Amino acid sequence: MGAYQPVGGGSETVSSPPDWRGFLDLLEDRTDAAYGDLWRTWVARPADLTLLDQRTAARGKYETLMTDVGDWHVPRPVRDAMRAWQFDNATVLIEGAEAVLAERGDVERAAHDAGLVAPAALRLAFEDDDGFDDATAEASAELQTIQRYVDAVGRRPAELSTLMSLGMWGETPEADLVAAREAFARGDLPASALASDEAAASWANAESIGQGRAFSLSALGVFALMVLGLFATTFRRRRRRRRARMAHPLTTR
């Protein structure tokens, strides 16, 4: 079993016994002492001293990452690169991990401010073994989805005018916001964004739709009055004709 084991359970094995490099890593992992100076004096060759300098720098970055990651787990490729003393690769991976962790902070703050619960998808993407591109894409998508929810909430009017109430007949923007929050929490970003957009559209278009409906109702009312007027006129004319016939009946021969 090599050094740089995962925190929180589980173990990772290496394919061969440790050499002088792996032995140094194991000693410093299993004890509280540092052996770098000893290795520089008695173990490493002059050509290896630069590698030891790189190790010191990479281990500092790795320890910072272990602090920053919190209750998440550092992906295995980072530990594999450290175990193999591939410090250039390890540094690139560590910097990629730190970038995602910074985005995690952005997502958590944005979600908290919006009253949302961040889904687990970003953590899963971070902890897998295929790099950080998917985690970066997930963080960006989550931030965009949060912003669409915030924009929808920003459309909510302080109070509804008569026209807006008429325009929102049958619309349920508050229910759409609930659906957006629930979808976001379970990681269904497209559904969350769609629900937010529907809520925003309901509020944004309410007044214009209300005006259209008010015009339609007014036109319908005018038409109804015209029909009633025509009916009343026709009724009066028929009544006058009946009265006339009654006043001047035909003479039967």
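Here is how the numbers come out for the structure above:
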item	result
Zone of V150's modelled label, taken as backbone nitrogen in segment 78-106 under 20 Å from a point 7 Å along Cα→Cβ	100-106
Sequence of S15, S202, S140, S192 once ranked by neighbouring C-beta atoms within 10 Å, starting from the fewest	S15, S140, S202, S192
Peptides 109-116, 41-48 ordered by average Cβ neighbours within 10 Å, highest first	109-116, 41-48
Residue order, fewest to most beta carbons within 10 Å, for I94, I146	I94, I146
Radius of gyration and Dmax over the Cα atoms of segment 14-74, both given in Å	13.2, 40
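Coordinate-derived values only; no laboratory data. Remember, predicted model here, so these are calculated numbers, not experimental data. In this analysis, Cβ positions are derived from the backbone assuming ideal geometry, glycine residues included, and neighbour counts consider all displayed protein chains.
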